[in-house]
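Report on the structure given below.
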Amino acid sequence: MQAFDKDVLEMTCEDVYDISYVIGRDLLKVNTGSREFSDLQFKIVRVLEMFESMVNKYNLSLEELRMELDNMKREMERVVAE
């Protein structure tokens, strides 16, 4: 699966969803029905939710930095033109 091969900083939420799907599918194959297994599933889901949140925040921060860079370029061009 491609999402597993990506650099973490290049991942999107879609990649996290793909990883979540694969892990969920594999967990269904080995489901033992035990309490420990259920606890493990809960922990895995929680980690994936945290990972999704981090990817979202990183992507938003990156977009904000790009917008700020564009603003600074326009301001520099304006100052140079004066």
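The values are calculated or read from the model by the stated rules, or taken from the named source; none is laboratory data. Keep in mind that what you see is a predicted model, and the values were worked out from it rather than measured. Note that each Cβ is placed from the backbone with ideal geometry, even for glycine, and that neighbours are counted across all protein chains shown. The area values use the complete protein model at the heavy-atom level, side chains included, leaving out ligands, DNA and RNA. Shrake-Rupley method; radii C 1.70, N 1.55, O 1.52, S 1.80 Å.
Computed on the chain, with alpha-carbon pairs under 8 angstrom and 6+ residues apart, the relative contact order is 36 percent. Ordering 22, 51, 69 by Cα displacement along the dipole of the chain toward the positive end leaves 22 in first place; charges were set at the Cβ atoms of Lys, Arg (+1) and Asp, Glu (-1).
Can you give the charge dipole size of the stretch 12-80 about its Cα centre, rounded to the nearest 20 debye, using +1 on the beta carbon of Lys and Arg and -1 on the beta carbon of Asp and Glu?
Working: 10 positive and 14 negative charges, 38 e Å.
Roughly 180 debye, rounded to the nearest 20.
Note on surface exposure: 4, 37, 51 rank 4, 51, 37 by accessible area, highest first, 1.4 Å probe.
Hey, if you put +1 on the Cβ of every Lys and Arg and -1 on every Asp and Glu Cβ in the chain, which of 32, 12, 42 ends up farthest toward the positive end of that dipole? Of the candidates, 32 comes out farthest on the positive side.
Remark on residue 12: its backbone amide H falls under 5 Å from none of the residues 5 or more positions apart or on other chains, H modelled at 1.01 Å from N. Between residue 69 and residue 37, the distance separating the two model label sites (each 7 Å from Cα on the Cα→Cβ line) works out to 4.8 nm.
FRET efficiency for residue 54 and residue 76, Cβ-Cβ distance as r, R0 = 25 Å, nearest 0.05? Could the numbers behind the result be given before it?
Working: r = 32 Å, r/R0 = 1.30.
Using R0 = 25 Å, I get an efficiency of 0.15.
In Å, what Kirkwood hydrodynamic radius results for the stretch 14-71 from the alpha-carbon pair distances? That comes to 13.3 Å for the stretch 14-71. Heavy-atom accessible surface of the chain, averaged per residue, reaches 83 Å², computed with a 1.4 Å probe. Report in % the part of the accessible area of the chain that belongs to carbon and sulfur, leaving out ligands and nucleic acids; probe 1.4 Å. Taking all protein chains in place, the chain shows 59 percent carbon and sulfur surface.
Among the lysines of the chain, pairs that are 8 or more positions apart or on different chains and have alpha carbons within less than 25 Å of each other number 5.
Rolling a 1.4 Å probe over the protein heavy atoms leaves residue 74 with an accessible area of roughly 140 Å².
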